[in-house]
Amino acid sequence: MTTYTRPIDFKRGRVDMSHGSGGRAMAQLIDELFVRHFANDLLAEQGDGACFALPTGAGRMVMATDSHVVSPLFFPGGDIGALAVHGTVNDVAMMGARPLYLSASFILEEGYPLADLLRIVKSMAQAAREVGVAIVTGDTKVVEAGKGDGVFITTTGIGLVPQGVALNAGRIAVGDRILVSGMLGDHGVAIMSHRENLTFETTIQSDTAALHGLVATMLDAVPDLHVLRDPTRGGLATVLNEFAKASGHGMLIHEKAIPVRSEVAAACELLGLDPLYVANEGKLVAFCAGQDAETLLDVMRAHPLGRDAAIIGEVIADEHAFVQMRTAFGGRRMVDWLNGEQLPRIC
Amino acid sequence: MKYIDEFRDGELARGLANAIAEVADPARDYRLMEFCGGHTHAISRYGLLDLLPANVRMIHGPGCPVCVLPIGRIDSAIALATEHDVILCTYADTMRVPASEGLSLLKAKAQGADIRMVYSADDALRIAQDNPQREVVFFAIGFETTTPPTAAIVLQAARLELAKFSVFCNHVLTPAAMVHIMESERDPAAVKIDGFVGPAHVSTVIGSAPYEAFVARYGRPVVIAGFEPLDVIQSILMLVQQINAGRAEVENEFTRAVTREGNRKAQAICAQVFEMRDSFDWRGLGEVPHSALKIRAEYARFDAELRYGIAYRQVPDHKACECAAILRGHKRPADCKVFGTVCTPDHPIGACMVSSEGACAAHYTYGRFRETR
Ligand code: SF4
């Protein structure tokens with residue numbers, strides 16, 4: 001005979017210390033929340049880890065991890081749940097891999113409303129379904145009130161690299177073209193304008209999206225793609241500087257060619273930010289040989305997540321590996337590493 | 001960038017640049033000083049130097065509020081927070097300026113001093129209201145742009161009878177610094193300056209009239225310009241034309257915001273709260289007579305210098321730092337031996353490397369690729 005357990009009250013309930021204690025309350029949370037919504041056989045086994053076979057003939061694998069600590073947890077265009085799936089899927093995809101499985105670790109703050117946690121988990125489950133990856137293992141910890149920021153989520157993903165794909169910064173060569181997959185700065189500005197309570201004519205939405213599909217079509221058309229990266233924290237400028245340093249070459253980009261929404265440009269002006277340094281969650285930067293650039297651009301533009309793709313610059317010989325930009329005014333300047341925080345000017 | 005206005009601006013800018021190239025006399029040099037850090041920043045950020053003919057040279061001026069603040073004043077601010085246990089409210093820009101003994105406001109804060117970054121003078125007043133049991137000091141710095149907000153909070157504090165709030169006043173005056181630069185032309189290291197790009201925001205407050213006496217006395221043209229890159233190019237064209245015609249006048253490119261009289265209301269509250277200091281020590285320029293403001297006796301209870309008995313102590317700059325010569329236009333950032341090696345925006349040695357408006361920081365961030373050709 002099974003004893004009756006009262007279901008968790010996801011309407012009015014809150015996270016308490018017992019949800020992380022390893023006892024009955026935690027088991028119940030795992031069953032009624034995570035196992036139910038992430039619904040897959042591997043997770044349902046509830047082992048200490050997930051055990052699975054690799055497809056036959058599998059070559060190399062990719063493993064990537066990412067912690068998500070966004071505030072606010074819900075923002076225009078997304079929430080921490082969708083972000084936690086997309087972020088790690090994208091890290092896997094940037095290595096040229098097809099994502100297979102995810103793990104998810106939750107750090108919950110005591111007192112956090114279970115209704116909001118449910119919303120986050122459902123959003124995560126939906127994002128994972130859309131991507132076609134299963135969340136197969138996880139962990140839950142609860143910290144005392146005041147010691148967390150509601151919910152922190154760490155996801156780890158693994159994926160398979162198709163034969164013949166070799167993406168790395170070492171392949172960047174002078175003459176390579178630099179492409180971006182769309183409008184820059186949407187995510188960072190959506191978060192910041194929400195935080196600062198700024199409203200513009202239209203609400204700027206986060207661009208959070210999983211890019212593995214776009215990457216697959218790009219690799220189909222141009223298997224010789226040199227390298228990919230998603231310009232998250234630190235934005236395009238940081239990615240370019242990382243690649244310049246890793247490859248030892250300079251870069252020259254053209255301000256006029258860089259796609260930025262006018263609302264985002266206006267918001268950046270107001271907040272004293274430079275869109276080149278603002279975070280994206282659904283964009284990528286690609287490097288390919290000069291002769292492949294037009295083909296790559298065409299397939300990117302044909303994909304829904306690459307409609308606004310553009311060729312923004314090229315790799316140049318420069319022993320100092322500086323990133324330079326030709327401004328809309330026709331002058332040149334450097335696009336440097338971000339130093340410290342961007343401080344507001346007072347004059 | 002897909003920002004329609006900037007496309008259009010780009011073409012206008014090239015048109016203006018062509019006009020400058022046409023009128024500039026190849027037989028002579030034009031040495032123009034942009035007084036303001038805001039202009040220095042715009043010139044570097046938009047790569048405007050590439051649009052100018054080689055004989056039109058821009059020289060960075062001292063108009064960066066953080067850069068001209070001497071070390072002794074930062075030391076005093078740190079002492080307020082560490083020795084007098086006040087809540088010190090400061091603009092974010094000043095946090096990283098190097099002070100004595102390897103300290104800065106940022107480091108003092110990390111060591112436990114109660115230092116709060118504020119975005120406006122109002123924020124400081126609010127902190128005072130929210131913490132009635134604590135002594136709160138606003139570290140007021142800047143040119144005429146930031147002076148009226150400081151005056152307004154002193155008046156407001158008087159109205160609210162805030163007993164534990166005061167202001168450490170370090171406001172400085174633009175025209176006095178311009179005069180000082182002309183007077184230091186006698187220095188053999190000095191570069192002769194042919195004309196000035198005049199301040200934008202400062203001039204919205206003080207108007208264009210205060211530059212008239214300057215122009216009459218020194219015979220160098222001043223063109224007041226906005227901070228947009230197009231404003232700067234336009235003002236350079238206007239200066240070149242004046243110099244060619246042998247004229248020296250105050251012209252106003254920034255008519256959309258600056259009038260001859262300026263902002264009368266702002267001037268009135270400043271006059272009510274502040275009076276002229278006999279002299280003030282500027283980083284780079286040294287003691288400059290009648291170049292800064294202090295709080296009038298009537299509001300002495302809000303004057304942190306009196307309240308805490310702050311005695312000013314002059315502290316020399318770091319030995320290697322050329323900020324002094326750079327702020328006077330005598331040297332360029334790359335002339336400093338430690339530029340870009342020991343001194344970078346992440347580890348600034350001098351104040352010019354701290355603020356984004358500082359000549360060294362602007363050159364490091366946007367222009368240093370030019371040094372390696
Ligand atoms: S590079 Fe640094 S040390 Fe040299 S003048 Fe500039 S701020 Fe001073």
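The values are calculated or read from the model by the stated rules, or taken from the named source; none is laboratory data. Model, not experiment: these values are computed from the prediction. Using ideal geometry, Cβ is built from the backbone for each residue, glycine included, and neighbour counts are taken over all protein chains shown. Surface accessibility is based on the protein's heavy atoms, side chains included, excluding ligands, DNA and RNA. Shrake-Rupley method; radii C 1.70, N 1.55, O 1.52, S 1.80 Å.
Numbers at a glance
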quantity: Alpha-carbon centroids, segment A:1-51 and segment A:106-159: separation in whole Å; calculated: 13 Å
quantity: Value of relative contact order over chain B, rounded to a whole percent, pairs C-alpha under 8 Å and six or more apart; calculated: 22 percent
quantity: Table column - 3J(HN,Hα) (Hz), segment A:172-183, Karplus curve with 6.51, -1.76, 1.60, x for Gly and Pro; calculated: 5, 10, 4, x, 4, 9, 10, 10, 10, 8, x, 4
quantity: All Cα pairs of segment B:234-350, percent lying beyond 24 Å; calculated: 59 percent
quantity: Average beta-carbon neighbours from other chains, 10 Å sphere, peptide B:341-352; calculated: 1
quantity: Interface size A-B, as summed buried accessible area [1.4 Å probe, Å², nearest 100]; calculated: 3600 Å²
quantity: DSSP bridge pairs, the protein assembly as shown: antiparallel proportion in percent, nearest 5; calculated: 50 percent
quantity: Listed residues A:137, A:56, A:327, most fluctuating in chain A (Gaussian network, C-alpha, under 10 Å); calculated: A:56
quantity: Segment B:101-235 - accessible surface per residue (Å², probe 1.4 Å); calculated: 37 Å²
quantity: Inter-site label distance for residue A:320 and residue A:233 at 7 Å from Cα along Cβ, in nm; calculated: 2.9 nm
quantity: Beta bridge orientation in chain A: antiparallel %, DSSP, nearest 5; calculated: 75 percent
quantity: Interchain or long-range residues, amide H under 5 Å from residue B:290's placed H; calculated: B:279, B:280
quantity: Within 10 Å of each Cβ in B:32-38, the average number of Cβ atoms from other chains; calculated: 1
quantity: Point-charge dipole on Cβ atoms (K/R +1, D/E -1) for segment B:323-368, about Cα centre, debye to 20; calculated: 200 debye
quantity: Shielding score for A:319-330, defined as the mean number of other chain Cβ atoms within 10 Å; calculated: 6
quantity: Percent carbon-and-sulfur accessible area, the protein assembly as shown, ignoring ligands, DNA and RNA, probe 1.4 Å; calculated: 51 percent
quantity: Pairwise centroid distance, computed over Cα atoms, of segment A:181-254 with segment B:206-260, Å; calculated: 42 Å
quantity: Diffusion constant of the protein assembly as shown at 10 °C, which comes from Stokes-Einstein with the Kirkwood Cα-pair radius and 1.306 mPa s, µm²/s; calculated: 56 µm²/s
quantity: Fraction of beta bridges assigned by DSSP in segment A:101-210 that are antiparallel (%, nearest 5); calculated: 45 percent
quantity: Chain B, Rg to Rh (Cα coordinates; Rh as Kirkwood inverse mean 1/r); calculated: 0.98
quantity: Candidate residues A:101, B:312, B:119: accessible-area rank, largest first, probe 1.4 Å; calculated: B:119, B:312, A:101
quantity: Heavy-atom surface of chain A, accessible at 1.4 Å and reported per residue (Å²); calculated: 44 Å²
quantity: For segment A:141-215, size of Cβ-based charge dipole, Lys and Arg +1, Asp and Glu -1, in debye; calculated: 320 debye
quantity: Long-range HN-HN contacts of residue B:167 with modeled amide H, under 5 Å; calculated: B:138, B:303, B:304
